[in-house]
Amino acid sequence: PKELLYELATLGVDVVNVANAHAGDWGRGAYGDYLLALKEAGFLIAGGSEGVIDKGKTQVVERGGVRVGFLSFSDAGPEWLSKDDYLPSILSAKDARFPERIRAATREADHLVVGIASDDARDDARIRQEAFARATIDAGARVVVWFSSAENPKQESYKNGMIFYGQN
């Protein structure tokens with residue numbers, strides 16, 4: 001609710017991840033209104049865009065001379081909400097340009113945090129998630145946060161990055 005945006009800002013929230021399986025639950029128009037409300041409240045939006053101008057834009061927060069970039073994707077859909085670059089949309093992890101987007105984002109910040117939302121917490125899905133998260137680090141991300149409902153969240157140090165699985 002719009003009433004809570006002020007409270008989020010006072011807690012120090014700068015970036016809001018909007019790429020998730022429920023982004024389109026109320027339709028594209030409501031999703032666009034949501035993005036506009038966040039933007040008007042001063043939040044940076046990761047994983048969603050109002051149109052082609054900001055599609056896939058890396059959100060960067062600078063503190064103490066260190067630039068941290070944020071980029072988010074949905075691995076759970078809704079895929080229809082990722083299809084039109086000229087309307088409000090989400091970034092899909094299934095997009096063939098995923099690794100290219102990660103590499104491009106690393107040039108905009110000293111460290112890149114990538115969020116990936118999934119609705120699949122099954123053990124057999126974890127193998128795919130681990131491979132995907134590691135490939136994200138290989139493409140240049142420093143931190144990967146895999147959002148899913150998991151009974152046993154875990155973290156992993158991989159090469160020069162950190163991966164957090166099962167975060168809600």
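In this entry, E130 passes the filter for residues that are charged (D, E, K, R) and not in a loop (DSSP other than H, G, I, E, B). Give the residues of the range 128-157 that are surrounded by fewer than 18 Cβ atoms within 10 Å (Cβ to Cβ) and more than 19 Å from F98 (Cα to Cα), sorted by residue number. If the condition is that a residue be surrounded by fewer than 18 Cβ atoms within 10 Å (Cβ to Cβ) and more than 19 Å from F98 (Cα to Cα), then S149, E151, N152, P153, K154, Q155, E156, S157 are the ones that fit. If you go through the range 30-56 and pick out every residue that is in contact (Cβ under 8 Å) with a residue 24 or more places away in the chain and open to solvent by less than 50 Å² (accessible area, probe 1.4 Å), you end up with 15. Taken over the range 1-28, the criterion of being outside any loop (DSSP other than H, G, I, E, B) and either open to solvent by 60 Å² or more (accessible area, probe 1.4 Å) or free of Cβ contacts under 8 Å to residues at least 12 places away in the same chain (or both) is satisfied by K2, E3, L4, Y6, E7, L8, T10. Inside the range 85-114, residues that are closer than 20 Å to G32 by Cα, in contact (Cβ under 8 Å) with a residue 40 or more places away in the chain and assigned to a loop (DSSP other than H, G, I, E, B) make up a count of 3. From the residues in the range 69-84 that are in contact with a strand residue (DSSP E or B) (Cβ under 8 Å, 6 or more places away or on another chain) and either charged (D, E, K, R) or farther than 22 Å from G166 by Cα (or both), which one is surrounded by the fewest Cβ atoms within 10 Å (Cβ to Cβ)? Step by step, filter the range 69-84, then rank; the result is K83.
Here W146 passes the criteria (1) in contact with a helix residue (DSSP H, G or I) (Cβ under 8 Å, 6 or more places away or on another chain); (2) not in a strand (DSSP E or B) except the one numbered (2).
The values are calculated or read from the model by the stated rules, or taken from the named source; none is laboratory data. No experiment lies behind these values; they were computed from the predicted model shown. Positions of Cβ are backbone-derived with ideal geometry, glycine not excepted, and every protein chain shown enters the neighbour counts. Accessible surface areas use protein heavy atoms only, side chains included; no ligands, DNA or RNA. Shrake-Rupley method; radii C 1.70, N 1.55, O 1.52, S 1.80 Å.
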